[in-house]
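To start, the structure under review is shown below, and the notes come after it.
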Amino acid sequence: MRNVIWLTVATGLSGMLGGCQSPPGRGPAPAVDPQLSINTLIAAPEDFARQRIGSDDYPIPPYAEFLAGVKICLDPGHGGDAHKRGYKRGPTGVREAEMNLRVAQYLRDLLAVAGADVRLTREVDVDFSLAERATLANEWGADLFVSLHHNAINNKPQVNRTSVWYHNDVDYRPANLDLARYLYGGLCDYLALPQITGVPLKSDQLMYDSGFGILRHVRVTAALCESSFFTNPQEEQRLRDPAYNLQEAYGLFIGLAKYAAAGLPRAHLIEPADGVVFSSHIPTSEEAGHPTLVFELDDGLRSRKSWGCERQMVLSDSIAVRIAGVELPFEFSDDGECCRLTIALPDSLQPGEHSVEVQFQNMFKNSVLNPHFVIELR
């Protein structure tokens, strides 16, 4: 990555805010309040990122091919909030909403080159509720959801570090930790901030008892990035620069590419395919009299047909099946072509809808993207 030469910020804000001199004879122009300004980033052409992707500075690595077809929803945080004086702004008024959006757009351009299917929760400077953003990802059936933010802290302008946040606790959805870990690795390598925090993956319950609203509402594998602190004066000015925004987006891209390259495990309910289980269902296990479920486990790797793909790449000890938090017995088989999981439902299970959780890890320790299934027992 080339060294970025930062623009020197002159005293005063007229350049940043698009200020101009008054026409002769009309007196001084009205003062612009920097804490209410818009367009606080250094202007860049729409194709700024696209013109640079694939260059020596922003190469597309071979392993990025495994992003092809992955559905990724990018959520540029905030928006539509410029009328709130000083809201989510750095010391000289640079807006977080604007830097979030530009990083998301550059990241989309990178992911698109690799063949990923990408949507943004917002394309312009408008406000969408957290529920609306989550609904877009949920109804689209996204594989991954990445909420893009930059951090702030009062009265500590020296602070500048990266953290990535997951919802609830570490057992809630292990794939959230996978996503967060890879995103942090990319940001750490390509932003290369001089400060670190001892545990950079953070639970959103450290901030709120119920966690972050966006992560609470979204039902797909998700993480929220706080890439750096815009309350740090030097970082605020770097975040204005399109080259730095692209550098951040590239770090996120590399993290996502490495994640996909390590395989994105999935589970598929194949019996009964419609999720409706009858108590008289003929069991496929040897435990006669118990209705059963059969899942096919996809480690995210075998389908690549690489040498050795017939060997087991699911960690047997990582497999767990739960209903209402209670682990169920199962039978696991791998014939070199297909991994299957057969679960005998307990006699005590009452008729009605139930959520079944299927967890396992592949050889890279990546967990199931979407481990929750709804079945109906009749």
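Observations, loosely collected:
- Leu224, sole failed condition from (1) free of Cβ contacts under 8 Å to residues at least 24 places away in the same chain; (2) under 28 Å from Gln247 (Cβ atoms): (1)
- Test: residue in the stretch 71-90 that is of a type outside the set (Phe, Trp, Tyr), assigned to a helix (DSSP H, G or I) and either at pLDDT 95 or above or within 30 Å of Val118 (Cβ to Cβ) (or both): no
- If you go through the stretch 285-311 and keep only what is polar (S, T, N, Q), surrounded by fewer than 15 Cβ atoms within 10 Å (Cβ to Cβ) and either closer than 16 Å to Arg340 by Cα or modelled with pLDDT under 95 (or both), you end up with just Ser303.
- Those residues of the stretch 188-206 which are in contact with a strand residue (DSSP E or B) (Cβ under 8 Å, 6 or more places away or on another chain) and more than 18 Å from Leu252 (Cα to Cα), in sequence order: Thr197, Ser203, Asp204
- All of Tyr172, Tyr182, Tyr166 fail the test of being of a type in the set (Ser, Thr, Tyr) and in contact with a Phe, Trp or Tyr (Cβ under 6 Å, 6 or more places away or on another chain), apart from Tyr182.
- Any chance Gln234 is modelled with pLDDT of 95 or more and under 21 Å from Leu41 (Cβ atoms): yes
- In a residue-by-residue description of the stretch 82-98, the property of being among the polar types (S, T, N, Q) and in contact with a His (Cβ under 7 Å, 6 or more places away or on another chain) applies to no position.
- In the stretch 339-366, the residues that are over 27 Å from Asn176 (Cβ atoms) and either touching a Ser or Thr at 6+ places or on another chain (Cβ under 7 Å) or touching a residue at least 12 places away in the same chain (Cβ under 8 Å) (or both): Thr342, Ala344, Leu345, Pro346, Asp347, Leu349, Gln350, Pro351, Gly352
Yes or no, residue by residue, for (1) in a strand (DSSP E or B); (2) surrounded by fewer than 18 Cβ atoms within 10 Å (Cβ to Cβ); (3) outside the structural domain of Leu130 (by TED's automatic domain parsing):
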position: Pro30; (1), (2), (3): no, yes, yes
position: Gln51; (1), (2), (3): no, yes, no
position: Tyr63; (1), (2), (3): no, yes, no
position: Glu98; (1), (2), (3): no, no, no
position: Val103; (1), (2), (3): no, no, no
position: Asp109; (1), (2), (3): no, no, no
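- Any hit, the stretch 41-54, residues being touching a helix residue (DSSP H, G or I) at 6+ places or on another chain (Cβ under 8 Å) and among the aromatic types (Phe, Trp, Tyr): yes
Each row is one residue, and each column tells you yes or no for (1) touching a residue at least 12 places away in the same chain (Cβ under 8 Å); (2) under 18 Å from Gln105 (Cβ atoms).
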site	(1), (2)
Pro45	no, yes
Ala49	yes, yes
Gly69	yes, no
Leu74	yes, yes
Gly80	yes, yes
Arg85	yes, no
Arg89	yes, no
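- Residue in the stretch 345-354 that is part of a loop (DSSP other than H, G, I, E, B), in the same structural domain as Gly308 (by TED's automatic domain parsing), acidic (Asp, Glu) and within 28 Å of Lys305 (Cα to Cα) present: no
- Criterion (surrounded by fewer than 21 Cβ atoms within 10 Å (Cβ to Cβ) and not assigned by TED's automatic domain parsing to the domain that holds Leu301) met by exactly one of Arg85, Arg89, Arg122, Arg133: Arg85
- Flag for Glu271 being outside the structural domain of Tyr63 (by TED's automatic domain parsing) and either closer than 26 Å to Leu301 by Cα or within 22 Å of the chain's Cα centre (by Cα) (or both): yes
The values are calculated or read from the model by the stated rules, or taken from the named source; none is laboratory data. These figures come from a predicted structure and were not determined experimentally. Don't worry about glycine lacking a Cβ; one is built from the backbone with ideal geometry, like all the others, and counts go over all protein chains shown.
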